[in-house]
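Colleague: Can you read through this structure? Questions will come right after.
Read-outs throughout are calculated quantities, based only on the coordinates presented, and are distinct from any laboratory measurement. Fair warning: this is a prediction, and the values are worked out from it, not measured in the lab. Neighbour counts run over all protein chains shown; Cβ positions are idealised from the backbone, glycine included.
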Amino acid sequence: MELNKDSEVKSITIVKGSSISPAERIARKMGMEDFLEIMVVKNSPLRMITREIKGAQKPTDGFRDAISSAGLLNKKFDF
Amino acid sequence: MEFPKESKEIFIVDEEIVEEFLNEENYYRSEIFFNYLSSWCCCKHAHMIPSLHKKIIDWIKKETIGKDTLTQTKVIAEFENWVEEADLLGEGDGDELHDTELLFDLLKLIYPNYPLRVVSSKYKNHPKLGSMDVDEIFQNIASNKEFMEFFERKYSIGKWDSSY
């Protein structure tokens, strides 16, 4: 779902398909090797948003996308 | 092949592997490391001493001033998913070596049978920490044939040393 820009992401948790229930895996058409991203958000119609990370998508892709969106690519820590 | 593997390794990292993940051209070693954590390790994330963890979050906030709340909080939440603040230290005392040694001792006590690995170039010659730099941990993971076969198959990529 589309989040508005005032939404605040409180946490992101990524779990393996193998660690969720078989029924949930079937409902989401997920395999044991896939992942489920659970995002807790404030200022959003939904407090908890889940997304399947399936097939060739890596669990790290969201982190890379977030870094890119935040303009942090190629930046160096200066502390 | 049995899946998932549940390696019992536990990792303490510093800022080096996170900084490498920011690199547009050369992030593959840290990407492999983070994927190894999520796919192959029971711990799922690495530990970081609190003072360093706070520095990185403060740095993200500083560098994303002017960005919207969603963009800023999402990148922080992603970082926290992969690298957990070792809050069992409380705030730590801010001395990186001291806090890393303390965290190492604590984790060793809690998980006596789990291999504990420190990923940092700062403590390579430290008699207790025996840390590995990013290149060494990458070589270590890359030598895990079973994991690499899984990774290359799952994400349809070639061998890391030829075309990845």
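Colleague: Just one of the numbered conditions (1) in contact (Cβ under 8 Å) with a residue 12 or more places away in the chain; (2) over 11 Å from the mean Cα position of the chain (by Cα); (3) not in a helix (DSSP H, G or I) is not true of B:GLU24; which one?
Modeller: (1)
Colleague: Additional query: Say we look at region B:76-107 and pick out the residues that are of a type in the set (Gly, Ala, Ser) and either surrounded by 21 or more Cβ atoms within 10 Å (Cβ to Cβ) or within 30 Å of A:ASP61 (Cβ to Cβ) (or both); which of these is farthest from the other protein chains (Cβ to nearest Cβ)?
Modeller: Step one: of region B:76-107, the residues of a type in the set (Gly, Ala, Ser) are B:77, B:86, B:90, B:92, B:94.
Applying the additional criterion that residues be either surrounded by 21 or more Cβ atoms within 10 Å (Cβ to Cβ) or within 30 Å of A:ASP61 (Cβ to Cβ) (or both) yields B:77, B:86, B:92.
Values: B:ALA77: 4, B:ALA86: 17, B:GLY92: 15 Å.
Among them, the one singled out is B:ALA86.
Colleague: Quick one: in region B:36-56, of everything that is of a type in the set (A, V, I, L, M) and in a helix (DSSP H, G or I), which residue is nearest to A:GLU33 (Cα to Cα)?
Modeller: Initially, region B:36-56 is screened for residues of a type in the set (A, V, I, L, M), giving B:37, B:46, B:48-49, B:52, B:56.
Now narrow it down to the ones that are in a helix (DSSP H, G or I): B:37, B:52, B:56.
Values: B:LEU37: 13, B:LEU52: 32, B:ILE56: 31 Å.
Restricting to residues being of a type in the set (A, V, I, L, M) and in a helix (DSSP H, G or I), the top hit is B:LEU37.
Colleague: Which members of region B:62-80 meet the condition of being under 25 Å from B:SER38 (Cβ atoms) and among the basic types (Lys, Arg)?
Modeller: Result: B:LYS74, single match.
Colleague: Something else: Yes or no: region B:49-57 includes at least one residue that is of a type in the set (D, E, K, R) and either within 7 Å of chain A (Cβ to nearest Cβ) or on the phi < 0 side of the Ramachandran plot (or both). Quick ask: steps written out before the conclusion?
Modeller: Taking region B:49-57 as the starting set, the residues that turn out to be of a type in the set (D, E, K, R) are B:54-55.
Now narrow it down to the ones that are either within 7 Å of chain A (Cβ to nearest Cβ) or on the phi < 0 side of the Ramachandran plot (or both): B:54-55.
Among the residues of region B:49-57, at least one is of a type in the set (D, E, K, R) and either within 7 Å of chain A (Cβ to nearest Cβ) or on the phi < 0 side of the Ramachandran plot (or both), which makes the answer yes.
Colleague: Moving to a separate point now. Provide a single number: the residues in region B:121-144 that are in contact with a helix residue (DSSP H, G or I) (Cβ under 8 Å, 6 or more places away or on another chain), loosely packed, with under 15 Cβ neighbours inside 10 Å and closer than 14 Å to B:GLU31 by Cα.
Modeller: Count: 1.
Colleague: Could you please find all residues in region B:105-122 being touching a residue at least 40 places away in the same chain (Cβ under 8 Å) and not in a loop (DSSP other than H, G, I, E, B)?
Modeller: Residues of region B:105-122 that are touching a residue at least 40 places away in the same chain (Cβ under 8 Å), as a first pass: B:107, B:111, B:113-122.
Of everything in region B:105-122, those that are touching a residue at least 40 places away in the same chain (Cβ under 8 Å) and not in a loop (DSSP other than H, G, I, E, B) turn out to be B:LEU107, B:LEU116, B:ARG117, B:VAL118, B:VAL119.
Colleague: Hey, can you tell me all the residues within region A:16-62 that are surrounded by 12 or more Cβ atoms within 10 Å (Cβ to Cβ), among the basic types (Lys, Arg) and either under 18 Å from B:ASN81 (Cα atoms) or in contact with a Gly (Cβ under 7 Å, 6 or more places away or on another chain) (or both)?
Modeller: A:LYS16, A:ARG25, A:LYS42, A:ARG51, A:LYS58 - these are the residues of region A:16-62 that are surrounded by 12 or more Cβ atoms within 10 Å (Cβ to Cβ), among the basic types (Lys, Arg) and either under 18 Å from B:ASN81 (Cα atoms) or in contact with a Gly (Cβ under 7 Å, 6 or more places away or on another chain) (or both).
Colleague: So, one more: Would you pick out the residues in region A:5-15 that are more than 13 Å from the chain's Cα centre (by Cα) and either closer than 21 Å to B:GLU84 by Cβ or more than 8 Å from every other protein chain (Cβ to nearest Cβ) (or both)? Show your work before the answer.
Modeller: Taking region A:5-15 as the starting set, the residues that turn out to be more than 13 Å from the chain's Cα centre (by Cα) are A:5-8.
Residue satisfying the conditions is A:GLU8 alone.
Colleague: In region B:57-76, is there at least one residue being within 30 Å of B:LYS154 (Cα to Cα) and either part of a strand (DSSP E or B) or over 19 Å from the mean Cα position of the chain (by Cα) (or both)?
Modeller: To start, the set of residues in region B:57-76 that are within 30 Å of B:LYS154 (Cα to Cα) comprises B:71, B:73-76.
Imposing the further condition that a residue be either part of a strand (DSSP E or B) or over 19 Å from the mean Cα position of the chain (by Cα) (or both) reduces the set to B:71, B:73.
Yes, region B:57-76 contains at least one residue that is within 30 Å of B:LYS154 (Cα to Cα) and either part of a strand (DSSP E or B) or over 19 Å from the mean Cα position of the chain (by Cα) (or both).
Colleague: Scan region A:38-79 for residues that are within 9 Å of chain B (Cβ to nearest Cβ) and outside any loop (DSSP other than H, G, I, E, B) and jot them down.
Modeller: Result: A:MET39, A:VAL40, A:VAL41, A:LYS42, A:GLY62, A:PHE63, A:ARG64, A:ASP65, A:ALA66, A:ILE67, A:SER68, A:SER69.
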